[in-house]
Amino acid sequence: MSEASEVAVVASGPAHSSVSNDLGADINGSQGQTPCRLFLAQKRIFDLAFCIAVFPIFVGLCVAIYLLNPFFNSGDLFFRQRRCGKDGKEFTMIKFRSMTSAGEGARGADDPLDVSRITPLGYWMRETKIDELPQIFNVLRGDMSVIGPRPEAAHFVETYRQSIPSYGVRSTVKPGITGYAQVVQGYTDNIEMVRRKTELDYFYVQNMGWRLDLVIIAKTFRLITGSALRPSRDWPI
């Protein structure tokens, strides 16, 4: 059984096969199942505890990356980009910069990632997912959660909304640093892959709960440690 199939079976069982059918009911952008308030409150407590726990690691990485940048990743320490969050609200997402600024903003919604812009240090940060760690500040601000659909670049959203009728369901919950689509599918760089990602995000919204979140956490940890030992180019953004 593949790793993607393993996650789907553990997390969802037979329900996962009905994702595509369920999407038809959401054709007009209606919201999915509303998570209970108790779970959302617990999830927020977990988010804050996670950010506090990893903050010392973040500070250490800031120092190390700052010292290495002049040699392997010349430029600013952080990369900031406008992303869409819950209810379509835009916010500024922060990451460790892993690419050169040349050609920044030229990529379209259906264009592949320009890997030639990734720096030597950036390759390592992307493979180990360390570039995502500064998003703990977005979590602390309440723009994001640790787990949820990945926030999309604001300038891509309208294209995806027009091409994928159910795309809006992703914005009914807070976006996350990691999510179900990331651990099942991985990186996406064209509209057809985003269509599949939307199905997976829809499934997450419909089935939010600790059982699924714990599966995502465990799978994310396996991806991070596996990438460190066996580098791959299947990066989430």
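Just so it is clear, none of the values below were taken in a lab; they were calculated from the coordinates. This structure is a prediction, so every number in the text was calculated from the model and none was measured. Every residue, glycine as well, gets a Cβ built from its backbone with ideal geometry; the counts of neighbours run over all protein chains shown.
Assorted remarks:
- Reach of Lys89 by Cα under 21 Å, taken over lysines that are not fewer than 8 positions away in the same chain: Lys43, Lys174, Lys197
- Extension reserve of the Ala64-Arg82 stretch, reckoned as 0.36 nm per residue once the Cα distance is removed: 3.9 nm
- Vicinal HN-Hα couplings computed from phi for the range 40-49 (Karplus, 6.51 cos²θ - 1.76 cosθ + 1.60; Hz; Gly/Pro x): 4, 5, 5, 5, 5, 5, 4, 4, 5, 5
- A crude spin-label estimate for the pair Phe55 and Leu140, with each label 7 Å from Cα along the Cβ direction, gives 0.5 nm.
- Sequence-distant residues sharing a close amide H with Gly85 (under 5 Å, placed H): Glu90, Phe91
- Once backbone amide H atoms are built at 1.01 Å from N, Met99 has Thr119 as its partners under 5 Å, excluding neighbours fewer than 5 places away on the same chain.
- Amide H to amide H distances under 5 Å link Gly176 with Ser145, Gly148, Arg150, where only residues 5 or more positions off or on other chains count and H is placed in the peptide plane.
- With a cut-off of 10 Å between beta carbons, the residues surrounding Ala181 carry a summed charge of +2, where Lys and Arg count +1 and Asp and Glu -1.
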